[in-house]
1. Considering only the stretch 43-63, I want to know if a residue exists there that is more than 20 Å from the chain's Cα centre (by Cα) and either in a loop (DSSP other than H, G, I, E, B) or at pLDDT 85 or above (or both).
2. Give the residues of the stretch 1-38 that are modelled with pLDDT of 75 or more, under 17 Å from the mean Cα position of the chain (by Cα) and among the hydrophobic types (A, V, I, L, M, F, W, C), sorted by residue number.
Amino acid sequence: MIRSKGALFIYSLVALLFTVPWFFLPGEQLPPVVLGFPTWALYAVVASFFYAVFIAFCLGRYWDLAAGGDDWDADDPS
């Protein structure tokens, strides 16, 4: 459970870093093309989709936390 704006920012930043294909090196034994895309490009497209889903979830769930006060009470229905 995310309880502060800082934690929300850190989780978003870490998720964004996972969208960059850091680990695709030229000497690896990966197929060079999958569905017409280079392997690294396909990874970047799929990871970007999951990042967008994560951000949409965070906006829907934690909008009040990002817009308002410092703490968020899960028991508060408002």
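The values are calculated or read from the model by the stated rules, or taken from the named source; none is laboratory data. Quick caveat, the model's predicted, so the values are computed rather than measured.
1. No, because not a single residue in the stretch 43-63 is more than 20 Å from the chain's Cα centre (by Cα) and either in a loop (DSSP other than H, G, I, E, B) or at pLDDT 85 or above (or both).
2. A7, L8, F9, I10, L13, V14, A15, L16, L17, F18, V20, W22
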